[in-house]
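The values are calculated or read from the model by the stated rules, or taken from the named source; none is laboratory data. Predicted model, so just to flag it, every value in this text is computed and none were measured. Heads up, the Cβs are rebuilt from the backbone with ideal geometry, glycines too, and the neighbour counts pull from every protein chain shown. SASA here: full protein model, heavy atoms, side chains in, ligands and nucleic acids out. Shrake-Rupley method; radii C 1.70, N 1.55, O 1.52, S 1.80 Å.
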Amino acid sequence: MRDHQALTLLTFIWLVGMGFALHRVLAVPWIWDTDYLNYWFAPRAIRAGVNVYDVDAYQRYGHSVFPLARETQFNFTYPPHSLFLYWPLSYLPPYASYAAWDAISLVAFWLATRRWVPAGLPSFIAVLSPATIICMQFGQTSLIAGALFLAAAGGSGAAAAMLTFKPQLGFFAAPLLLIKGRKPFLIAVGGTILVILVSQLVFGHWLDFLTHASAYQAGLIFDENRKDVWYIIGTSPAMGYGRLGFAIYLMAASIVLIRNFNLWTAATATFLISPYGFNYDMSVVCVGFAVLLYSYWDGTPWWQRIVASLAFLTPVIVEFGTWWIPPILLLGLFVQTQHFPGVQLTWRRGRIALAEVQP
């Protein structure tokens, strides 16, 4: 009975989410209308001698190659070691590269997710969530990042090191590795240093990236007068409520998180503690709430089922305004702490102490 009820609800909300996620898929977009443009084009610009962290120079070069893309924002936001991911596919024609990127990303995410999906829960509900569909529409990096995050949670220090190409996720992977032991954490630290040094030798531009991230990109995130597409895809409190709202949610989420830190609470808290997050980044979050609804249906109060269902649908709910998402995720984070086992983080005798939590 539990399995039937849980699967019925999950199938229903999955269909709702897929309906909203797919409603914009009417035609293949021009390559310059996808986020994948910058992942494919940045390596090409570097090979042409263009500094991709110089926004003006990169824009000029982009518009010279794509004269019809006058409204396109050529803005490469990732650190130099991310180029190890993008470089090989940049030699392909744009649409072939776009298709290959989505296919590789989806397979990687599916392989990483399998170990975390309980028996009886159809993997397509967890893997092909609304966030996954939106990520593939944009040609975004989040499925690759999600696969690395799940691998890091399983104890892979090498995956955590590469995950630092999205720094906010790399930050949350560190405590997950410490839970596994000191060795994977040290591998992650050493691997991070290695990929930074090698990428500086191969590509350079680390100082340019840091300047770009701290000045230009941070200015976009905290621009409270910015009213554009970010208000229907951005999921962080900084985008919905500005600096003060970000500070409030950061403190509230941190208090909840340290009481039960685990893979799923870490994934959810990312979108409350980090100033940077979008609906296409939420594939791991969707997996977590799907697993919660299926695995803990018995004994879960009705209001918690509603919260978990809404949290699963946040990648499409954001289309009605980014300000809806932080309160849903904060409640969802609390619900996760009531069911998933994890560790409680405390400060004892000058160091972080870990105590098991079994709700």
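Quick one: is Leu329 under 19 Å from the mean Cα position of the chain (by Cα), surrounded by 17 or more Cβ atoms within 10 Å (Cβ to Cβ) and closer than 14 Å to Asn260 by Cβ? Considered against the rule, which asks whether it is under 19 Å from the mean Cα position of the chain (by Cα), surrounded by 17 or more Cβ atoms within 10 Å (Cβ to Cβ) and closer than 14 Å to Asn260 by Cβ, Leu329 comes out as no. Of the candidates Ala218, Ala213, Ala266, Ala252, the single residue that is open to solvent by 10 Å² or more (accessible area, probe 1.4 Å) and modelled with pLDDT of 90 or more is Ala252. With respect to (1) touching a Leu at 6+ places or on another chain (Cβ under 9 Å); (2) in a helix (DSSP H, G or I), the lone exception for Leu121 is condition (2). Of all residues in the range 301-323, none satisfies being in contact with a Lys or Arg (Cβ under 9 Å, 6 or more places away or on another chain) and more than 22 Å from Trp116 (Cα to Cα).
All of (1) in contact with a helix residue (DSSP H, G or I) (Cβ under 8 Å, 6 or more places away or on another chain); (2) among the hydrophobic types (A, V, I, L, M, F, W, C); (3) surrounded by fewer than 22 Cβ atoms within 10 Å (Cβ to Cβ); (4) in a loop (DSSP other than H, G, I, E, B) hold for Ala100 with one exception: (4). Of all the listed residues (Ile233, Ile255), the sole one being touching a strand residue (DSSP E or B) at 6+ places or on another chain (Cβ under 7 Å) and either over 24 Å from Ala6 (Cβ atoms) or among the aromatic types (Phe, Trp, Tyr) (or both) is Ile233. For the range 303-318, the condition holds for at least one residue, the condition being that it is within 13 Å of Trp264 (Cβ to Cβ) and touching a residue at least 60 places away in the same chain (Cβ under 8 Å). Contact map, the range 183-208: first residue closer than 20 Å to Gly49 by Cα, second residue open to solvent by 60 Å² or more (accessible area, probe 1.4 Å) and modelled with pLDDT of 90 or more, Cβ cut-off under 6 Å, separation 6 or more or different chains; pairs are Trp206/Gln200. None of Gly277, Gly240, Gly288 is open to solvent by less than 10 Å² (accessible area, probe 1.4 Å) and at pLDDT below 90 except Gly277.
Condition check ((1) within 14 Å of the chain's Cα centre (by Cα); (2) open to solvent by less than 20 Å² (accessible area, probe 1.4 Å); (3) free of Cβ contacts under 8 Å to residues at least 40 places away in the same chain) across all residues:
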site: Trp110; (1), (2), (3): no, no, yes
site: Arg115; (1), (2), (3): no, no, yes
site: Ile125; (1), (2), (3): no, yes, no
site: Ser129; (1), (2), (3): yes, yes, no
site: Gly139; (1), (2), (3): yes, yes, no
site: Leu150; (1), (2), (3): yes, yes, no
site: Leu163; (1), (2), (3): yes, yes, yes
site: Leu178; (1), (2), (3): no, no, no
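A search for C-beta distances below 6 Å between a residue of the range 55-67 that is over 13 Å from Arg44 (Cα atoms) and any residue that is modelled with pLDDT of 90 or more and not hydroxyl-bearing (Ser, Thr, Tyr), counting only pairs 6+ apart in sequence or on different chains, returns Ala57/Val50; Ala57/Asn51.
Under the condition of being modelled with pLDDT of 90 or more and not in a helix (DSSP H, G or I), which residue from the range 36-75 is surrounded by the most Cβ atoms within 10 Å (Cβ to Cβ)? Across the range 36-75, the extreme among qualifying residues is Val52. Here Ala266, Ala308 are screened, and the one residue that is in contact with a Phe, Trp or Tyr (Cβ under 6 Å, 6 or more places away or on another chain) and farther than 14 Å from Trp14 by Cα is Ala266.
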